[in-house]
1. How about the stretch B:1-18: which of its residues are in a loop (DSSP other than H, G, I, E, B) and basic (Lys, Arg)?
2. Checking the conditions here, which among A:Tyr58, A:Tyr36 is among the aromatic types (Phe, Trp, Tyr), within 11 Å of another protein chain (Cβ to nearest Cβ) and at negative phi?
3. If we scan the stretch B:3-19, do we find a residue that is of a type in the set (Gly, Ala, Ser) and free of Cβ contacts under 8 Å to residues at least 60 places away in the same chain?
4. Name the pairs whose Cβ atoms lie under 9 Å apart, with the first residue in the stretch B:80-105 and among the charged types (D, E, K, R), the second surrounded by fewer than 17 Cβ atoms within 10 Å (Cβ to Cβ) and modelled with pLDDT under 90, and 6 or more positions between them or separate chains?
5. Of all residues in the stretch A:71-92 being modelled with pLDDT of 90 or more and open to solvent by 40 Å² or more (accessible area, probe 1.4 Å), which is nearest to A:His7 (Cα to Cα)?
6. Out of A:Ser50, A:Ser95, I need the residue that is open to solvent by less than 50 Å² (accessible area, probe 1.4 Å), within 25 Å of B:Cys87 (Cα to Cα), in contact with a Gly (Cβ under 8 Å, 6 or more places away or on another chain) and among the small types (Gly, Ala, Ser). Which one?
7. Taking the stretch B:1-59, which residues are under 23 Å from A:Tyr92 (Cβ atoms), open to solvent by less than 70 Å² (accessible area, probe 1.4 Å) and basic (Lys, Arg)?
8. Looking only at residues in the stretch B:74-106 that are more than 19 Å from B:Leu44 (Cα to Cα) and away from chain A (no Cβ under 14 Å), which one is most open to solvent (accessible area, probe 1.4 Å)?
Amino acid sequence: GAVVSQHPSWVICKSGTSVKIECRSLDFQATTMFWYRQFPKQSLMLMATSNEGSKATYEQGVEKDKFLINHASLTLSTLTVTSAHPEDSSFYICSARDRQSGTSSGELFFGEGSRLTVL
Amino acid sequence: AQRVTQPEKLLSVFKGAPVELKCNYSYSGSPELFWYVQYSRQRLQLLLRHISRESIKGFTADLNKGETSFHLKKPFAQEEDSAMYYCALSYSSASKIIFGSGTRLSIRP
């Protein structure tokens, strides 16, 4: 099946620094990728939709200047947490849909997640 | 607003017993609904989708528009079914998917 890879899987940083998380579709092209955030023992919260070649669309309440998303190619989307603070510590998960399957098939392929800890 | 509700955080049943994980949704349009599963130390993966009307690993789910429900069922639970189950709703032209809070299914031997 389709594989989505995230890197790094685990990162610790100091408060005030920026952290970049990469999401790659390894064996398919994805015009759309989604970024989720998951707090401990809670569900996945959709943060934004990353569109290849255009600006990301953010969900209500998500700061676009805080969480910068770039989708420069059909296989790579990046999430940069700028000026990170301890409250940004969380598990960030990306997902992608195979471009060839279109938007109606529905299935998302998920990355393994990236755990961010801000000290 | 769109919403997916899974009322049970934890469901524990004995092996061989029937299983039903509840899911209700709120959406004014025509919904596409899914069940995703996350086994221990693995990533989230699709279990089944309502448009396929298929049975995967013995699980089925029927969309009931009148009750706005999409409950997941299996007649005889197996130990390997122990996992976290998420009900999900797809909406908008971008086919965004939002998730319920999840139900942890624990199968006792």
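The values are calculated or read from the model by the stated rules, or taken from the named source; none is laboratory data. None of the values given here were measured: they were computed from a predicted structure. Don't worry about glycine lacking a Cβ; one is built from the backbone with ideal geometry, like all the others, and counts go over all protein chains shown. Remember, those area values only see protein heavy atoms, side chains included, never the ligands or the DNA or RNA. Shrake-Rupley method; radii C 1.70, N 1.55, O 1.52, S 1.80 Å.
1. Restricting attention to the stretch B:1-18, the residues satisfying the condition of being in a loop (DSSP other than H, G, I, E, B) are B:1-2, B:6-9, B:15-18.
Within the stretch B:1-18, B:Lys9, B:Lys15 meet the criteria.
2. Values: A:Tyr58 fails: within 11 Å of another protein chain (Cβ to nearest Cβ).
The match here is A:Tyr36.
3. Restricting attention to the stretch B:3-19, the residues satisfying the condition of being of a type in the set (Gly, Ala, Ser) are B:12, B:16-17.
Filter once more, keeping what is free of Cβ contacts under 8 Å to residues at least 60 places away in the same chain: none.
No.
4. Matching pairs, first to second residue: B:Lys96/B:Gln2.
5. The first filter runs over the stretch A:71-92 and keeps only residues modelled with pLDDT of 90 or more, leaving A:75-92.
If we keep only those that are open to solvent by 40 Å² or more (accessible area, probe 1.4 Å) as well, we get A:75, A:83, A:85-87.
Details: A:Thr75: 13, A:Ser83: 19, A:His85: 20, A:Pro86: 20, A:Glu87: 21 Å.
My answer is A:Thr75.
6. On the way: A:Ser50 fails: in contact with a Gly (Cβ under 8 Å, 6 or more places away or on another chain).
When all the criteria are applied, what remains is A:Ser95.
7. none
8. Step one: of the stretch B:74-106, the residues more than 19 Å from B:Leu44 (Cα to Cα) are B:74-78, B:91-94.
So of that shortlist, the ones also away from chain A (no Cβ under 14 Å) come out as B:74-78.
Values: B:Lys74: 12, B:Pro75: 76, B:Phe76: 136, B:Ala77: 4, B:Gln78: 80 Å².
Ranking the candidates gives B:Phe76 first.
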